Amino acid sequence: MPLLAIGLNHTTAPVNIRERVTFGPDIVVAALRSLTECDGVDEAVILSTCNRTEVYCSASADTQESTREWLAGFHGLALEDIAPYLYVHEGRHAIGHLLAVSSGLDSLVLGEPQILGQVKSAFQTAQDAGRTGKVLTRLFQHAFSTAKQVRTDTAIGDSPVSVAFAAVSLARQIFAELSEQTALLIGAGETIELAARHLAQNGVGRIIVANRTISRAQELAQQFDAYAISLTEIPAHLAEADIVIASTASPVPVLGKGTVESALKRRRHRPMFMVDIAVPRDIEAEVGDLEDVYLYTVDDLDEVIQGNLRSRQEAAEQAKDIITLQVDEFLAWMRSLDAVGLIQDYRNQANGIRDEVLAKAQKMLESGKPPEEALNFLAKTLTNKLLHTPSSELREAGSAGRHELLEAANTLFRLGHGSAGND
C-alpha cells in the first residue's frame, strides 16, 4: 500500500500562504472524513501547526494529483494557487519525512520538542475519527519511538532553543532590563507556556495571560505568579504591556490595529514589542505599520534562531543516521505485509484439506474400522493431498528448466538439496 505525504512548511511557503491552508481543531475531523472519501485514500492523518500543514495518506497508486487537488479545493483554492509551495513525498521518502518531522529535524527551530506532541495529537485525532488503519497506525507509532531514540541517543535537545526562546531573546535585545517590563501572553498552549517560562527565568517584571477559556488562563497564570484575563479584556489591559506574544488557534486576528492604536495613546507612545507566533495570524498585519510598534512573525524569528543552532548540527547528522535505519526497518515491515495474504490463503487451503480428510477418518471409525487403519488413512491421505500440488508444480518446473523456482522451493522447504540449477 503506497504511502504519501503532501504539504507545505516554513521553508517552502510564507506565512500569508500557510495561513490559507491551515486546519483548525473545528474542521480537521470533517477534513479527514472528506479526504478518506476520495478514491484510493484508505487512511489519513492531517498535521496542521503554525509552521506546516501536511497530509499523510495510505492510498492506492496514482492518488498524488487528486490529493493535491483535494488540499487546495477544501480551502476554496485552485491548485495553481498553492502548487509552487507544495512538496510531495512517496514511499521511503514519505516515511523518512515523517520521522524527521517528529524528531524535530524539519522544524524552524532544529530539534524543538513541541512538534512531537503536535504529531501525536494529529494522529490521535485521526484515530479517534476512525481514519487510521494498520499502516498509518504502525507508521506513526514507529515515528514516535524513533523521535524518542533521537532525543535519547543524541544531544539535539540539549540547548534551550525554540520559537518561544527566540521571542524572549529578541525581547531582551530590545529591552535592556526585563525586570521593568510587563508581558502580555495571548493564548495558553505549549508555546505560550514555554514563553512564560523563559520570561520568568529572565526576570520579567509582570506577566498577564489572556485566553478564550479563562480557567486555562488562570491555570497557567498560577504557575508564574501572573494575572489571568479573557480575550475580551485585552483592550483594557493592552496599554500595560511592553511585550506581547500571541499564539492562539483563532481563525481570525484577536488583536486589531485600532485596539493597538488606542493602547499606544494611553502609553504615550512608549514602544511595544510584539511577536505573532500564530498561523493564521493573531495580530493584524497592519499593526506593523504603526510607529512605536515592533511586530515580528514566526518568519522574522529565523535570523534570531540561527545563532542558537550551531550546537545542534552535529546531533542532527547523528539523528539522520538513526532515521535512515528506522526507515529501512519500517519498509521491511511493509514488505512483510505482501506475504500476509499469501500465508493466510495457504493456511486456509491446508485447513480445508485437513478437515476433509479428518471427516473421512472419523467416518471410518464410526463404521467400525480399527483405529490403526483410520490413523494410517489420515496420515497418508493428508500427506498426499498437501504434497500433490507442490510436487506437480516442481515437476513441471524441472521439465521447463525453471531453475529459479526449484531454487526457491529448496530455500522455502529447507531441503538442503544443493543447487537445484545444476545439470
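The values are calculated or read from the model by the stated rules, or taken from the named source; none is laboratory data. Just so you know, these numbers come straight off a predicted model, no measurement behind them. Quick reminder, even Gly has a Cβ in these numbers, built from the backbone with ideal geometry, and neighbours come from all protein chains shown.
Only one of the listed residues (Glu219, Glu240, Glu193) is surrounded by fewer than 22 Cβ atoms within 10 Å (Cβ to Cβ), modelled with pLDDT of 90 or more and in contact with a Ser or Thr (Cβ under 8 Å, 6 or more places away or on another chain). That residue is Glu240. Whenever a residue of region 276-294 is of a type in the set (Asp, Glu), its partners that are assigned to a loop (DSSP other than H, G, I, E, B) and surrounded by fewer than 17 Cβ atoms within 10 Å (Cβ to Cβ), lying with C-beta atoms within less than 6 angstrom and at least six residues away or across chains, give the pairs Glu284/Gly256; Asp292/His269; Asp292/Pro271.
Of the residues Gly258, Gly288, which is surrounded by 16 or more Cβ atoms within 10 Å (Cβ to Cβ) and modelled with pLDDT of 90 or more?
Gly288
In region 72-92, the condition of being buried (at least 22 other Cβ atoms within 10 Å of the Cβ), assigned by TED's automatic domain parsing to the domain that holds Val15 and either closer than 30 Å to Val298 by Cα or under 11 Å from the mean Cα position of the chain (by Cα) (or both) is met by no residue. Residues in region 270-285 that are surrounded by 21 or more Cβ atoms within 10 Å (Cβ to Cβ) and outside any loop (DSSP other than H, G, I, E, B): Met272, Phe273, Met274, Val275, Asp276, Ile283.
Whether a residue is charged (D, E, K, R), in a helix (DSSP H, G or I) and more than 27 Å from Pro25 (Cβ to Cβ) was assessed, and Glu261 passes this test. Tell me which of these Arg33 doesn't satisfy, since it passes every other one: (1) modelled with pLDDT of 95 or more; (2) surrounded by 15 or more Cβ atoms within 10 Å (Cβ to Cβ). Every listed condition holds for Arg33 apart from (2). If Gln114 satisfies every condition in (1) touching a Leu at 6+ places or on another chain (Cβ under 8 Å); (2) of a type outside the set (A, V, I, L, M); (3) closer than 23 Å to Val41 by Cβ but one, which is the exception? Status for Gln114: all satisfied but (3).
Can you spot a residue in region 2-18 that is surrounded by 24 or more Cβ atoms within 10 Å (Cβ to Cβ), of a type in the set (Val, Ile, Thr), in contact (Cβ under 8 Å) with a residue 40 or more places away in the chain and not assigned by TED's automatic domain parsing to the domain that holds Asp300? No, the conditions are met nowhere in region 2-18. Checking each residue in region 317-374 for being at pLDDT 85 or above, closer than 30 Å to Ile95 by Cβ and among the hydrophobic types (A, V, I, L, M, F, W, C) picks out Ala319, Ile322, Ile323, Leu325, Val327, Phe330, Leu331, Ala332, Trp333, Met334. Residues that are under 32 Å from the mean Cα position of the chain (by Cα) and more than 19 Å from Gln201 (Cα to Cα) within region 215-245 comprise Ser215, Arg216, Ala217, Gln218, Ser230, Leu231, listed in sequence order. Quickly run through region 156-166 and pick out the residues that are in contact with a Ser or Thr (Cβ under 9 Å, 6 or more places away or on another chain) and either modelled with pLDDT of 85 or more or aliphatic (A, V, I, L, M) (or both). Answer for region 156-166, where residues must be in contact with a Ser or Thr (Cβ under 9 Å, 6 or more places away or on another chain) and either modelled with pLDDT of 85 or more or aliphatic (A, V, I, L, M) (or both): Ile156, Val161, Val163, Ala164.
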